[in-house]
Amino acid sequence: MIKILSLVIPFFAVIGCGYFGARLIGEAGQRGINNLVLYFALPVLLFSLMARADLAERFQVDFVAGYTTVSLVLFAATYLAVKLWLRPTRSETAVYAVASVYGNTGYMGIPIVVVMLGQAATVPTVVALIIDLAVMVPVTAAIIESDSPHGNRTVRHGALNALRGTARNPLIIASALGAGWSLASLPMPGVLDGFLELLGAAAAPCALFAMGCSLYGKPLGGTLSPALVLSLLKLVIHPLALWFALTQLWHVDPEWLRPALIASSLPVAVTVYVVGRQYNTLVISTSTTILVSTALSLATVPAVLLALDRLPGL
């Protein structure tokens, strides 16, 4: 346990530096760091990871089916439960539901997986990130847009808008280009390899710092109960459901299951707050949930890492 904590605590320490340094660097500095991560460092890292992976030999369709199914089922179950419990609007219910399945895979998951399991294990993590971006965000946006007070928007309209945004996402584009490079078995020139190593190395620390900045100054309020329940769903129920499904129903290779469990144990992604702010829906509640789940993940992430070699099927 001490060894696990010694590996995990530095990640949270960098997040803490971002949180306490946010005021010092100001809003312009925060935007600059986030843009560096989103448009340069993280896309380069994702391209590098996918391009170096042996996708033709190791890619697992069962993993994609299982991960997507678990996310959609948990989303639907949370949607129904929240609807019966809090009776919010359709838009609010959708934001609550996506918070139960969308973790901070890009900014937090990939750095942790690299340290704990090595670069080869990051491919399942990238695939999980793509599923979240390409499936869960459009589903959420479609439901929100169909709840327009003007009554002239449909689920199809919302889904198309969300998919157009997804297709322009630099993380999706970089991952797709890297996958194409791998499947085409293209050689990696030395100059390109050096560039990828140099800029990609900035992704992990800058992403964690940017995540800390994103937590600073967010409005907090509302009842704590929804934040605690959603944190429990994201940090505990999501990884348990994924473990059960991928070992009992799909029998996924442990080399793909371990990084997926790490990704599923992460706190609610800042993207959920971005979606809420974009549609002016549950802005304060999502901020509270992200902060609460991030604080609780100090305990749950080490617990999942400790269980990786102890759970059946791993």
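Starting from the Cα-Cα distance between S185 and R277, subtract it from 0.36 nm times their residue separation and give me the gain in nm to one decimal.
Additional length available on full extension: 29.0 nm.
How high is the FRET efficiency between E255 and I284 when r is their beta carbon distance and R₀ equals 41 Å, given to the nearest 0.05?
Efficiency, rounded to the nearest 0.05: 0.50.
Using the Cβ atoms and a cut-off under 13 Å, what net charge is assigned to the surroundings of L306, where Lys and Arg are +1 and Asp and Glu are -1?
The answer is +2.
For K218, go through the lysines and keep the ones whose alpha-carbon is under 22 Å away, minus same-chain ones fewer than eight residues off.
Straight-line reach from K218, under 22 Å: K234.
Over the Cα atoms of region 105-145, Rg to Rh with Kirkwood Rh, two decimal places?
Using only Cα positions, Rg/Rh for region 105-145 is 1.15.
Lys and Arg at +1, Asp and Glu at -1: add these up for the other residues within a Cβ distance under 14 Å of R52 and post the number.
Once all neighbours under 14 Å are counted, the net charge is -3.
Let me check I've understood the local charge: for V98, count other residues with C-beta under 12 angstrom from its C-beta, Lys and Arg +1, Asp and Glu -1. What total comes out?
-1
Please find, in a Gaussian network model of the chain (springs between Cα atoms separated by less than 10 Å), the residue of I130, I262, I284 whose mean-square fluctuation is greatest.
I284
Sequence gap at least 6, Cα distance under 8 Å: using those rules, report the relative contact order of the chain to the nearest whole percent.
32
Helix 137-146 against the longest principal axis of the chain: what's the angle in degrees, Cα atoms only, rounded to the nearest 10?
Between helix and principal axis, roughly 20 degrees.
For labels at L224 and D62 in the simple 7 Å Cα→Cβ model, what's the distance in nm?
4.3
Against the longest alpha carbon principal axis of the chain, how many degrees, from 0 to 90 and to the nearest 10, is the axis of helix 2-36 turned?
That works out to roughly 70 degrees.
Could you calculate the contour length gain from A307 to R31, that is, 0.36 nm times the residue separation minus the distance between their Cα atoms, to one decimal place in nm?
95.7 nm
Explain nothing, just the number: dipole magnitude of the chain about its Cα centre with +1 on each Lys and Arg Cβ and -1 on each Asp and Glu Cβ, in debye rounded to the nearest 20.
Charge dipole, the chain, about its Cα centre: 760 debye, nearest 20.
Calculated FRET efficiency, V73 and N161, Cβ-Cβ r, R0 22 Å, to nearest 0.05?
0.35
Return the distance in nm (one decimal) between the two label points of a simple spin-label model at L240 and W85, each offset 7 Å from Cα along Cα→Cβ.
Between L240 and W85, the label points sit 1.4 nm apart.
Quick note: the coordinates plus some simple rules give every number you see, no bench work behind them. What you are looking at is a predicted structure, and each value in this text was computed from that prediction instead of being measured. Cβ coordinates were reconstructed from backbone atoms using ideal geometry, including for glycine residues, and neighbour counts include every protein chain displayed.
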